[in-house]
1. Can Asn167 be described as among the polar types (S, T, N, Q) and either more than 16 Å from Ile70 (Cβ to Cβ) or touching a Leu at 6+ places or on another chain (Cβ under 6 Å) (or both)?
2. Do we have any residue at all in segment 49-64 that's farther than 19 Å from Gly134 by Cβ, buried (at least 16 other Cβ atoms within 10 Å of the Cβ) and β-branched (Val, Ile, Thr)?
3. What's the number of the only condition in (1) assigned to a loop (DSSP other than H, G, I, E, B); (2) at pLDDT 90 or above that Ala41 fails to meet?
4. Determine whether segment 76-97 contains at least one residue that is assigned to a loop (DSSP other than H, G, I, E, B) and more than 15 Å from Ile135 (Cβ to Cβ).
5. Under the condition of being part of a strand (DSSP E or B), of a type outside the set (A, V, I, L, M) and in contact with a helix residue (DSSP H, G or I) (Cβ under 8 Å, 6 or more places away or on another chain), which residue from segment 1-31 is surrounded by the fewest Cβ atoms within 10 Å (Cβ to Cβ)?
6. Give me the pairs: first residue in segment 160-174 and within 14 Å of Leu145 (Cα to Cα), second residue modelled with pLDDT of 95 or more and not in a helix (DSSP H, G or I), beta-carbon distance under 9 Å, and six or more apart or on different chains, which are they?
7. Given the options Lys161, Lys172, name the one that is modelled with pLDDT of 95 or more and not aromatic (Phe, Trp, Tyr).
Amino acid sequence: MEKSFLIAGFGGQGVLLAGEVLANAFMHADKNVTWYPSYGAEMRGGTVNCSVKMSDEQIGSVQDDTSDFIITLNQASFDKFTPMVSKGGTIIVNTSLAKKVKTRNDINYVFAPITQMAEECTGNVKIANILALGILASASGLLDLQSLEKALDTVIPEHRKNLLPLNIKALKIGYEYDLSTANV
């Protein structure tokens, strides 16, 4: 089984960190993984995205024209990457920063106020990226929380380990998000 993922937003939203955590979580689950970051020349506020591919077998190419799962953290990313969701794939939309609109009928939508949830539940909007990973894990059924928690511990640098409990809390909040109301 091979699945491809794309995470997109603007600089400062932790898109690359989320991709690195996702890739490491799959490695902890004994999968083959690629992680490919892409960002504009701007430091903060520019567009950022990264691709993660996981497979039980060796991976032949890093990127695909489409992705099975896409997380869009803002409107510009939703507009740009919705056409790249594979037929039957899933897009997770941060409705705090993007409109709740279905532009295709051949994909699954998960609408969630990710930034708002991060602020209300953790007091920190910067944790929205990790909350989104929890939603992705739940929606995809491909990862458990333990693999993501191990990945966070691996990826977060030593001088930021004090943020690990907050990140784990955000993961759990995302993972427990009610998906039955998320595509209405």
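1. Details: among the polar types (S, T, N, Q): yes; either more than 16 Å from Ile70 (Cβ to Cβ) or touching a Leu at 6+ places or on another chain (Cβ under 6 Å) (or both): yes.
Yes: the conditions hold for Asn167.
2. Of the residues in segment 49-64, the ones farther than 19 Å from Gly134 by Cβ are 49, 51, 53, 55-64.
Now narrow it down to the ones that are buried (at least 16 other Cβ atoms within 10 Å of the Cβ): 49, 51, 53, 55.
Those left that are additionally β-branched (Val, Ile, Thr): none.
No, every residue in segment 49-64 fails to be farther than 19 Å from Gly134 by Cβ, buried (at least 16 other Cβ atoms within 10 Å of the Cβ) and β-branched (Val, Ile, Thr).
3. Result: Ala41 fails condition (2) only.
4. The answer is no; no qualifying residue exists.
5. We begin by selecting, within segment 1-31, every residue part of a strand (DSSP E or B); these are 2-10.
After this cut, where a residue has to be of a type outside the set (A, V, I, L, M) as well, the list is 2-5, 9-10.
Still in the running and in contact with a helix residue (DSSP H, G or I) (Cβ under 8 Å, 6 or more places away or on another chain): 3, 5, 9-10.
Details: Lys3: 17, Phe5: 26, Gly9: 28, Phe10: 21.
It comes out as Lys3.
6. Gly174/Ala112
7. Working: Lys161 fails: modelled with pLDDT of 95 or more.
None of the other options fit; the residue is Lys172.
The values are calculated or read from the model by the stated rules, or taken from the named source; none is laboratory data. On a predicted model such as this, the values are computed, not experimentally measured, just so you know. Using ideal geometry, Cβ is built from the backbone for each residue, glycine included, and neighbour counts are taken over all protein chains shown.
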